[in-house]
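Peer 1: Once you've had a glance at the structure underneath, I'll fire off some questions.
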Amino acid sequence: MTMKKATERYDLQTGELSGEYASHSRKKLSQLKGVFADGTAFAAMDGEQLVYEVSAHMAVKEGTPGGLFFGTSTIHPGRVGNEYFMTKGHFHNKRECAEYYWGISGEGVLLLMDENRRCTAEQVQPGSLHYIGGYLAHRLINTGESDLVVGACWGSDAGHDYGSIETAGFSARVLCENGKAVLKESH
Ligand code: F6R
Ligand code: MN
């Protein structure tokens, strides 16, 4: 019997993923049209500005029943008007599929919304662990001045439904007021 060398890597300090199954994607401001409330501030900004990056470790094909995916999301610091940089947010296609998030570095908020549009929010910081139950849309918001880095693990058959968030958004936003992050109901 031979012992295989580990070729897939996860940096415990930074959350950086590498290896055969790691892939990386980036979201620029221009890809987030309609996500932020202040359309005028959005239009005045450079669309090339990087808002967030996702590294994912996918050892099986998307949609494989029973498999797992593992990822690291990095949301850069910044604002559109008084609204902090954040991810698009999504429900899982298979609504019952849950997910784990954990804070690696930086400070932020995990915004959750159920199918009746009721929102709750959890503070994310290094070492915080977040169980995102099924039937909950989820979005990460960077309320700090450095990168917000968050680990994630979810089912390979969960899928992503961005459509309902693109249409109706979340019913709450996290805004900067007098230098502080505040949770505001929207509609
Ligand atoms: C996977 C998951 C995260 C997000 C990532 C980017 O199910 O929740 O890996 O995909 O934080 O956010 P979205 O996908 O909303 O652009
Ligand atoms: Mn998810």
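Rule-based calculations on the coordinates, nothing more; no lab input. Given the structure is predicted, the values throughout are model-derived calculations rather than measurements. Here the Cβ positions follow ideal geometry from the backbone for every residue, glycine too, while neighbour counts run over all protein chains shown.
Peer 1: Using just the helices of the chain, give the 222 nm mean residue ellipticity in deg cm²/dmol: DSSP H runs with n ≥ 4 each add -39,500 (n - 2.57), and the total is spread over all residues, rounded to 500.
Peer 2: Computed ellipticity for the chain at 222 nm equals -1000 deg cm²/dmol.
Peer 1: For an R0 of 35 angstrom, estimate the FRET efficiency from the Cβ-Cβ distance between LYS33 and MET58 and round to the nearest 0.05.
Peer 2: With R0 = 35 Å, the Cβ-Cβ based efficiency is 0.80.
Peer 1: Now, a different point. At a 10 angstrom cut-off on C-beta neighbours, averaged per residue, how do the peptides 59-66, 74-81, 113-120 rank from highest to lowest?
Peer 2: Packing proxy ranking, top to bottom: 74-81, 113-120, 59-66.
Peer 1: Which number comes out as Rg/Rh for the chain once both Rg and the Kirkwood Rh are worked out on C-alpha atoms?
Peer 2: 0.98
Peer 1: Could you tally the net charge around CYS176, taking each other residue with its Cβ under 12 Å from the Cβ of CYS176, Lys/Arg +1 and Asp/Glu -1?
Peer 2: Net charge around CYS176: 0.
Peer 1: In addition: What is the ratio of the Cα radius of gyration of the stretch 33-117 to 2.2 N^0.38 Å, with N the residue count, to two decimals?
Peer 2: 1.30
Peer 1: Let me ask something additional. Rounded to the nearest Å, what's the spacing between the alpha carbon centres of the stretch 1-62 and the stretch 123-187? Just the number, please.
Peer 2: Centre-to-centre distance over Cα atoms comes out at 15 Å.
Peer 1: Could you rank the peptides 31-43, 2-14 by their average count of other C-beta atoms within 10 Å per residue, with the highest value first?
Peer 2: Going by the mean number of other Cβ atoms within 10 Å, highest first, we get 31-43, 2-14.
Peer 1: Taking K and R as +1 and D and E as -1, what net charge do the other residues with C-beta under 15 Å from the C-beta of LEU50 add up to?
Peer 2: +1
Peer 1: Compute, for the stretch 1-152, the length of the dipole vector about the Cα centre, with Cβ point charges of +1 (Lys, Arg) and -1 (Asp, Glu) only. Units Debye, rounded to 20.
Peer 2: About 420 debye.
Peer 1: Here is a further query. Got a sec? Which residues in the stretch 23-65 would a label at LYS5 touch, if it sits 7 Å along Cα→Cβ and we count backbone N under 15 Å?
Peer 2: none
Peer 1: Could you give the length gained on full extension between GLN125 and TYR100, defined as 0.36 nm per residue of separation minus the Cα-Cα distance, in nm?
Peer 2: 7.6 nm
Peer 1: Taking the stretch 68-128, how much of its Cα-Cα pair set, in percent, is spaced more than 18 angstrom apart?
Peer 2: Looking at the stretch 68-128, the distances longer than 18 Å represent 44 percent of pairs.
Peer 1: Follow-up. Lysine pairs, Cα distance under 24 Å, 8 or more residues apart or cross-chain: how many in the chain?
Peer 2: 12
Peer 1: What is the gain in length, in nm to one decimal, between SER164 and GLU16 on full extension, counting 0.36 nm per residue of separation less the C-alpha to C-alpha distance?
Peer 2: 50.2 nm
Peer 1: Also: Using modelled amide H (1.01 Å from N, peptide plane; none on Pro or chain starts), what sits under 5 Å from the amide H of HIS90, excluding residues fewer than 5 places away?
Peer 2: Those lying under 5 Å, H to H, from HIS90 are HIS138.
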